[in-house]
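Data block below; observations after.
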Amino acid sequence: MQCVHPKAQGPVLSCLLFLMALALTGCGGDSGGNTATASANTGAPVNETPTEQPSPQPEPEPEPEPINLSWDAPYERPEEYPGTVSLPQQLITMRDGIRLSATVTLPADENGEPVDGPFPVIATFTGYNQSLGAIGAADPYLVQRGYAYIIADLRGTGASEGTWQAFSEVDHEDIGELLDYIDTQPWSNGTIGMNGASYMGITGLLAGARQHPGLDAIFAIVPMGDAYRDIVFSGGQINAGFIPLWVTLVTGLGIIPTPVGLDNDEPGYYLNTLLDHLAGTLTEFPVPVVGGALIGDDNKYDNDFWRQRSPLEQIDQITAPTFVVGGLRDIFQRGEPLIYEGLKNNGTTSKLLIGPWEHLDGSSGAGLPADGVPALANIRLAWFDQYLKGMDTGAGDYPPVTQYYTGAERYITAADWPHPQAHAEVFYLHGKPGLPLFGEINREAPTGNSRTSLLQTPVNGLCSASASQWTAGVLGLITSPCKEQNNVTELLEAVYTSEPMEEDMAINGPIGGQIWASTTALDSNVVVRVSVVDPNGLSRELTNGIQMASMSDFNATRSRFMDGKLIQPWHPFTAASQQPVGPLRPFRADVEVFPTSAVIPAGHRLRISVGASDLPHGLSPLPDLLQGLLGLLTVYSTPAMPSRVNIPLVPTSALGEPATT
C-alpha cells in the first residue's frame, strides 16, 4: 500500500498512526473501558475498550497527465503501392430510389490494375461534382499508402439525382446509407474515415453524428459549426458575399455533363438529372429559402431549417476522433473553435489547428509546414494511420490547440481554447464630440457625456479585409489594397484608438462589444471592428462582428463570460426575441466579435471602430433594411451608458516558444 504521496506531508502522519494501530491490534494491545463486547470464547459480555480504528485515508489523486505542447518531426512513411486507379462511376440507390453518383479510387499495381483489398476507406461527400476532380478529388498520397477512397455527390448536386438539400435531414439519412454501402463493399474492411474541406468538412461532421460503427476518424478542414450564426445570418444580417457565390458554384457545377450516364448505360441520365437540379433550385432550395429570407419570411430567423443544418447542434453525437482545421479570416471563423470545444467537452478526442487563412488558403493549409507544424498531408496521414490502421503515429499526442498569432507571425500551441490563462479586460470607448475619427480607448470608464454620430449607410465595408474574408478571398483578389488596410472603411465609422502599447499585448478568444447607441431610424446595424494600427498609421483589421440592434437580446445561459465579463453573447435570433428600436431611444447592442489570436506589438495601437454596416458580410433583410435606411446612429460614452469592448488577454509569457520542439 502506498501511503505517502511525494508532495504530501499531512497523509504521512495519518499513515503512520494507521500502521501503529494495526500493529497494536495484532499484538493484543488493549486498555480499560466500559464498552461491552463479546468474549472470543464464551460470547459473554466483557468490559473492555477496543482499539479505535482510524478511517483509512483516501489515496491521493494522481497527477494529471502532462499535456504535450510541441509538434514532433512530421510523420511520414513510404508508399505501399506504385499507383492508383479509379473505377467507373457508379450509382448508389437510396431508400427512396434516388441514385447518388460516386467514384471509387483504389491502390494499383505496377500495371495500373486495382489491388485486391480490403482496405480502410477514406470518404468524402461533396456538393461540387466529384466527377470533375477539381474540388475534393481522391488523394493519391493516401491511396498509395493503403487506403481506398470514395467520393460521392450528395443528392441534387454534381451528377446525382434528386434536388439539392443543403445539409437537410434528407442529406443526413443519405450520409448514413452511404456509410452502410461502404461497409459492405469488397474493397472496404469496414473501417472508415471522413476527409474534406468546407462542404466536405461539414458532411464529415454530419457523418460523425450518425454514430456509424465503422466510422473511426474525421479530418474536417474549414467546416461550418452553426449555419445561421457562422455564415448565413451573422448578427441577423444575410451574408451578401459568400452565399450568392456558393449557390452559384453548387448550381453551376451541377449542370455540367459527366460520364456517369454512359458508364451505367443510361444515355438519358444527364438530361433527367439536369431537370431535377434546375427544378429544385427554383422550387425548393436555394431560391425560395434565400429569396424568402431576403424579403423577410420566417427563414430570416434561426429556426429548425438552420438548426438541422448545423453540426454544433449534433456535436454531442460525434464520438470519432476529430481533427479540426480553421482560419483566422475564414468564413467559418466563429464556428471552428466551437466545434473543437464541443467535441472536447463531450470527451471526444479532438485537436484544433487555426492558421492565418481565408477560406481557400485554409482548405489547403497554405504555408505549412511552418514553426514546426507539419503540412496538412502529414498530419492527415498520421491521423488516419493512428485511428484507421491502429499504427502508433503519435497523432493522439498532438498539441490540443495550435493557433497562428497575427502580430507575432507564428504558430503557438496551447492546452485549450480559449487559452487557459486568458483573462478578460475592459476597454472603454471615449468619443470626442464632432471628431468621430479621433476617439480614445482606455481602461477607465467615461466620466463625461460624449456622443459620436454617423450616417447609417448600408454599403460601408466594401474596401476592407472583411470584404475579402466574406467572399472567400474573391474580392481580395480584385481589390488587393483594400484587403491590407481598414483606413478607408473607418472614414464612415466612429473610431477609437489607444495610446501606443508599452509592451506586447496578446489576444485570444472571442470578443464582446457592448455598444450603447440610439438611432433616428426604426432600426440599425452595429458593427464592431478590432484592428491594430502600426506606427505609420496603417490600420489592419484583426476581426469584427455585426449585430442588428433589434435582435440584440441574448441568452445569458448560452453566452460566454470570462471573469464576469461578457465576451461571447449568444443571441436567439427568433421572432419572439426581436425587440423594436424606437427613434432616439438608447439601446445596448451586445455584439459578438468573432474569435481571433493576435499580438499587438509594443509601439502599435489598439483600435476599435463602430459602424452601421459591413457589406458584403451582412445586409439586412429588406423590411429591416428599409427601417434603418439613412438614419443617424449615435454612439454613447457616458457614465450611465459606457460603450465598451471586453477582450480576452493572455500574458505574453504564457505564449512560450513557437510550436516547434
> Just a yes or no: is a residue in region 151-161 surrounded by fewer than 23 Cβ atoms within 10 Å (Cβ to Cβ) and more than 28 Å from ASP109 (Cα to Cα)?
Replying inline: yes
Does ARG558 satisfy the criteria of being under 23 Å from ILE647 (Cα atoms), basic (Lys, Arg) and not in a loop (DSSP other than H, G, I, E, B)? no
Filter pass, SER453 being open to solvent by less than 20 Å² (accessible area, probe 1.4 Å) and of a type in the set (Ser, Thr, Tyr):
no
Here the residues within region 207-236 that are part of a helix (DSSP H, G or I) and more than 28 Å from THR543 (Cα to Cα) are ALA207, GLY208, ALA209
The condition from (1) among the aliphatic types (A, V, I, L, M); (2) surrounded by fewer than 20 Cβ atoms within 10 Å (Cβ to Cβ); (3) not in a helix (DSSP H, G or I) that ALA279 misses is numbered (3)
Expected single match for under 25 Å from the mean Cα position of the chain (by Cα), closer than 30 Å to ASP523 by Cβ and polar (S, T, N, Q) among SER234, SER198 is SER234
Subset of region 299-319, residues in contact with a Gly (Cβ under 8 Å, 6 or more places away or on another chain) and either open to solvent by 30 Å² or more (accessible area, probe 1.4 Å) or part of a helix (DSSP H, G or I) (or both), comes to ASN299, LYS300, PRO311, LEU312, ILE315, ASP316, GLN317, THR319
Taking region 517-561 and keeping only residues that are among the hydrophobic types (A, V, I, L, M, F, W, C) and under 19 Å from GLU490 (Cβ atoms), one is left with ALA517, VAL526, VAL527, VAL528, VAL530, VAL532, VAL533, LEU538, LEU542, ILE546
By residue number, the members of region 200-210 that are open to solvent by less than 10 Å² (accessible area, probe 1.4 Å) and touching a helix residue (DSSP H, G or I) at 6+ places or on another chain (Cβ under 8 Å) are ILE202, THR203, LEU205, LEU206, ALA207, GLY208
Of the conditions (1) more than 29 Å from the chain's Cα centre (by Cα); (2) not in a strand (DSSP E or B), the single one that LEU462 does not satisfy is (1)
Of the conditions (1) closer than 30 Å to ALA654 by Cβ; (2) assigned to a strand (DSSP E or B), the single one that SER518 does not satisfy is (1)
Just one listed residue, out of ASP153, ASP139, is modelled with pLDDT of 95 or more and more than 24 Å from GLY280 (Cβ to Cβ), and it is ASP139
Cβ pairs under 8 Å, 6+ apart or interchain, first in region 156-168 and without any contact (Cβ under 8 Å) to a residue 60 or more places away in the chain and under 16 Å from THR103 (Cα atoms), second hydrophobic (A, V, I, L, M, F, W, C) and in a loop (DSSP other than H, G, I, E, B), ordered by first then second residue, are none
Restricted to region 467-508 and to residues being out of contact with any Ser or Thr (no Cβ under 8 Å at 6 or more places or on another chain) and open to solvent by less than 30 Å² (accessible area, probe 1.4 Å), the residue farthest from PRO616 (Cα to Cα) is SER498
Note on region 62-97: residues out of contact with any helix residue (DSSP H, G or I) (no Cβ under 8 Å at 6 or more places or on another chain) and aliphatic (A, V, I, L, M) are ILE67, LEU69, ALA73, VAL85, LEU87
Requiring at least 2 residues that are touching a strand residue (DSSP E or B) at 6+ places or on another chain (Cβ under 7 Å) and surrounded by fewer than 22 Cβ atoms within 10 Å (Cβ to Cβ), the strands (runs of 3 or more DSSP E) wholly within region 327-429 are none
Filtering region 564-574 down to residues that are assigned to a loop (DSSP other than H, G, I, E, B) and either open to solvent by 60 Å² or more (accessible area, probe 1.4 Å) or among the basic types (Lys, Arg) (or both) yields GLY564
Restricted to region 477-506 and to residues being part of a loop (DSSP other than H, G, I, E, B) and over 26 Å from GLN456 (Cβ atoms), the residue nearest to the chain's Cα centre (by Cα) is GLU484
- Query: Residue check: is ARG380 touching a residue at least 40 places away in the same chain (Cβ under 8 Å), in contact with a His (Cβ under 9 Å, 6 or more places away or on another chain) and more than 20 Å from TRP570 (Cβ to Cβ)?
  - Reply: no
Output for Cβ contacts, cut-off 8 Å, separation at least six or different chains, first residue under 16 Å from SER160 (Cβ atoms) in region 132-143, second among the hydroxyl-bearing types (Ser, Thr, Tyr), reads LEU132/THR258; ILE135/THR126; ILE135/TYR128; GLY136/THR124; GLY136/THR126; GLY136/TYR128; GLY136/TYR199
Result of the Cβ filter at 9 Å on region 329-356, keeping first residues that are within 21 Å of ALA395 (Cα to Cα) and partners that are aliphatic (A, V, I, L, M) and at pLDDT below 95, at least 6 apart or interchain, is none
ASN646 vs (1) assigned to a strand (DSSP E or B); (2) touching a Ser or Thr at 6+ places or on another chain (Cβ under 9 Å): all pass except (2)
In region 331-345, anything closer than 15 Å to TRP417 by Cβ and more than 9 Å from the chain's Cα centre (by Cα) is listed as GLY342, LEU343, LYS344, ASN345
TODO: Answer yes if at least one residue in region 122-141 is among the hydrophobic types (A, V, I, L, M, F, W, C), part of a strand (DSSP E or B) and more than 18 Å from HIS277 (Cβ to Cβ), and no otherwise.
DONE: yes
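Okay, residues lined up against (1) open to solvent by 40 Å² or more (accessible area, probe 1.4 Å); (2) at pLDDT below 95; (3) closer than 28 Å to PRO107 by Cα:
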| residue | (1), (2), (3) |
| --- | --- |
| ASP171 | no, no, no |
| ILE175 | no, no, yes |
| PRO186 | yes, no, yes |
| HIS212 | no, no, yes |
| ASP230 | no, no, no |
| GLY254 | no, yes, no |
| PRO259 | yes, yes, yes |
If you go through LEU584, LEU630, the only one that is farther than 23 Å from ALA467 by Cα and in a loop (DSSP other than H, G, I, E, B) is LEU584
Here the residues within region 77-99 that are open to solvent by 40 Å² or more (accessible area, probe 1.4 Å) and of a type in the set (D, E, K, R) are GLU79, GLU80, ARG95, ASP96, ARG99
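The values are calculated or read from the model by the stated rules, or taken from the named source; none is laboratory data. It should be emphasised that the depicted structure is a prediction, and the values quoted were computed from it without experimental measurement. Note that we place each Cβ from the backbone using ideal geometry, even for glycine, and neighbour counts take in every protein chain shown. Ligands, DNA and RNA are excluded from the accessible area calculation, which covers all protein heavy atoms including side chains. Shrake-Rupley method; radii C 1.70, N 1.55, O 1.52, S 1.80 Å.
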